[in-house]
Amino acid sequence: IDYPVMQTPGDNEYYLRRGFDRLYSPAGSLFLDEQCSLYDPATANWLIYGHNMHDGSMFAGLLDYADEAFYRQNPTFAFDTLYEQMEWQVVLVLQTELGADELPYYTFFDADGRADWQQRVDAMLELALYDTGVVPEYGQQLLTLSTCGTSSIYTDERLAVLAVRVEE
């Protein structure tokens, strides 16, 4: 997966069906949720959305993480900004449906203190498909990559990969 990540504050779905060139594209673009801030101060959990395209493009490759053997071979990945190169360690992979969870991963951006943060992380850990042995600590930067569980546009299934930034 190697695409630019876009963001449009005030219109979260702007890039849902637009390429990074802003022209119509059924595949859309990967985009950072409008509630996320990369800087000053950074949001606790950055959430990036992308389509699961039938042709294997965009975030379709995230589905490989549903297989623990794939995770074992690919426990880390890079996500860079224009200003910073970053390495990320996969914490968990989860599958769910829209509206099925009491504390949905796609509503976790910031927390009101340590207890709230831990409650949100624990809610995600409960849905983990397997145990990676990686447990994030309060204050670490989180990144969630989210896509549809199938390539159908009519699905409520979601797959998400939660990762923690590896500090150098």
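The values are calculated or read from the model by the stated rules, or taken from the named source; none is laboratory data. None of these values were measured; they are calculated from a predicted model. We place every Cβ from the backbone using ideal geometry, glycine too, and count neighbours over all the protein chains shown. Heavy atoms of the whole protein, side chains included, go into the accessibility calculation; ligands, DNA and RNA do not. Shrake-Rupley method; radii C 1.70, N 1.55, O 1.52, S 1.80 Å.
Using the Cβ atoms and a cut-off under 14 Å, what net charge is assigned to the surroundings of Glu137, where Lys and Arg are +1 and Asp and Glu are -1? Walk me through the numbers before you get to the answer.
Values: positive: Arg114, Arg120, Arg165; negative: Asp122, Glu167.
Value of the local net charge: +1.
Projecting the Cα atoms of Leu125, Val164, Met6 onto the dipole axis of the chain, where Lys and Arg carry +1 and Asp and Glu carry -1 at the beta carbon, places Met6 farthest toward the positive end. Taking the accessible area of the range 1-139, probe 1.4 Å, and keeping the other protein chains in place, the carbon and sulfur fraction comes to 48%. With the simple model of a label 7 Å out from the Cα in the direction of the Cβ, Ser25 to Tyr106 spans 2.1 nm. Within the set (1) 1.11; (2) 0.98; (3) 1.18, the number that Cα Rg over 2.2 N^0.38 Å takes when calculated for this structure is listed as (2). When +1 charges are put on Lys and Arg Cβ atoms and -1 charges on Asp and Glu Cβ atoms, the dipole computed for the range 84-126 relative to its Cα centre reaches about 60 debye. Other residues whose C-beta falls under 12 angstrom from the C-beta of Ala128 contribute a net charge of -4, scoring Lys and Arg +1 and Asp and Glu -1. Here r is the Cβ-Cβ distance between Tyr154 and Tyr3 and R0 is 30 Å; the resulting FRET efficiency, rounded to 0.05, is 0.80. Positive-end ranking of Val93, Phe79, Phe108 along the dipole of the range 1-122, with charges on Cβ about the Cα centre, is headed by Phe79.
Please sort 91-103, 67-79 by packing, taking for each peptide the average over its residues of neighbouring beta carbons within 10 angstrom, highest first.
Most protected by this proxy first, the peptides run 91-103, 67-79.
About its Cα centre, the range 36-135 has a charge dipole of approximately 100 debye under the convention of +1 per Lys or Arg Cβ and -1 per Asp or Glu Cβ, with nothing else charged.
Each Lys or Arg adds one and each Asp or Glu takes one away; over the other residues whose Cβ falls under 14 Å from the Cβ of Tyr71, this sums to -3.
Protection proxy ranking, highest mean first, for peptides 46-53, 16-23, 59-66: 46-53, 59-66, 16-23, where packing is the per-residue count of other beta-carbon atoms within 10 Å, averaged.
In the chain, the DSSP-assigned H stretches of four residues or longer account for a calculated mean residue ellipticity at 222 nm of -3500 deg cm²/dmol, using -39500 (n - 2.57) per stretch and the full residue count as denominator.
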